[in-house]
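S.K.: Handing you this structure, nothing more for now.
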Amino acid sequence: MRFHKAESAFFVFIAMVFGAGVTLLASYGVMRRNTHLLHSGGFDEFTLLLFVTGVLLATAITFGMFFIYPLIRTQVEEEGKLRAMTESLSARSETLEYAAYTDSLTGTHNRRYFDDALEEYLREFGRIQRPVGLIVLDLDHFKQINDGYGHDVGDEVLRQVAACLQELMRHHDVVARLGGEEFAIIAPNMTEHGLAFLGERVRAAVSALVLDIGDLRVGVSTSVGVAIWDGEENAEAFYRRADRMLYRAKRMGRNRVCA
């Protein structure tokens, strides 16, 4: 059992009081062995002094044990409860913050996080004049998966696609589910050629997925739009431009990349 600092200090106090009592008793023993000090009056006065001191010490010890210590112990328990409550609230706050920026189905970031991150990336990389790439992708004919196999299968498809995207990304890239079957990737410090290559890797990796769900084998493909920030447009305009590339890929037959 670990003691609070106040408790430790209290025990030191008790030990000192107890030591004082032992010292007085030892003095009494020495007094009795030295008979030349035992004259009438002097011995009686010393005996009275020892008695009064003993009573005071006993009172102090009793008061400390049955009054001071319970108060200290109660304070320690209350501090422990407050500390535990604070830690619990802090953990809950972190959990709520995580939930506010995370897509509950796929575990990727959500649209709210994506919007904030895109603005921050444009601000910071614009300051150092470095490129920012954006990939927007949408699963092809996803409604047919939901209608043909059920929403549980559709949800599993989204989870596995999200996992595939996260495996392809660098640690500072941002993968987000924007809603439905649409995902986006913020890829900073990447050239136009590098971004187009990454978009093709994403398309190929998703198209290669064959999902074994129970007795079903479900395949999926994706259309991809990519864009490099021009250094002037705001986050909304930048996203709209990448989104237009996505819909151009869909109009051109799906399962392709447009930049």
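The values are calculated or read from the model by the stated rules, or taken from the named source; none is laboratory data. Just so you know, these numbers come straight off a predicted model, no measurement behind them. Using ideal geometry, Cβ is built from the backbone for each residue, glycine included, and neighbour counts are taken over all protein chains shown.
S.K.: Pick out the one residue from Ala204, Ala235 that is surrounded by fewer than 20 Cβ atoms within 10 Å (Cβ to Cβ), among the small types (Gly, Ala, Ser) and modelled with pLDDT of 95 or more.
M.R.: Only one candidate passes the filter, namely Ala204.
S.K.: So, in the range 122-151, of the ones that are among the hydrophobic types (A, V, I, L, M, F, W, C) and more than 18 Å from Ala176 (Cβ to Cβ), which residue ends up surrounded by the fewest Cβ atoms within 10 Å (Cβ to Cβ)?
M.R.: Ile128
S.K.: Quick check on the range 152-167: of everything there that is over 18 Å from Ala205 (Cβ atoms) and not small (Gly, Ala, Ser), which residue is surrounded by the most Cβ atoms within 10 Å (Cβ to Cβ)?
M.R.: Filtering the range 152-167 for residues over 18 Å from Ala205 (Cβ atoms) gives 152-155.
Narrowing further to those that are not small (Gly, Ala, Ser): 152-153, 155.
Working: Asp152: 11, Val153: 17, Asp155: 13.
The extreme case among them is Val153.
S.K.: Name the residues in the range 200-230 that are within 26 Å of Asp152 (Cβ to Cβ) and assigned to a loop (DSSP other than H, G, I, E, B), would you?
M.R.: Ala208, Leu209, Gly214, Asp215, Val220, Ser221
S.K.: If we only count helices (runs of 4 or more DSSP H) wholly inside the range 95-199, which ones have 3 or more residues that are over 19 Å from Leu211 (Cβ atoms)? Outline the logic, then answer.
M.R.: Details: elements: 111-127, 142-149, 151-168.
In the range 95-199, 111-127 are the helices (runs of 4 or more DSSP H) which contain 3 or more residues that are over 19 Å from Leu211 (Cβ atoms).
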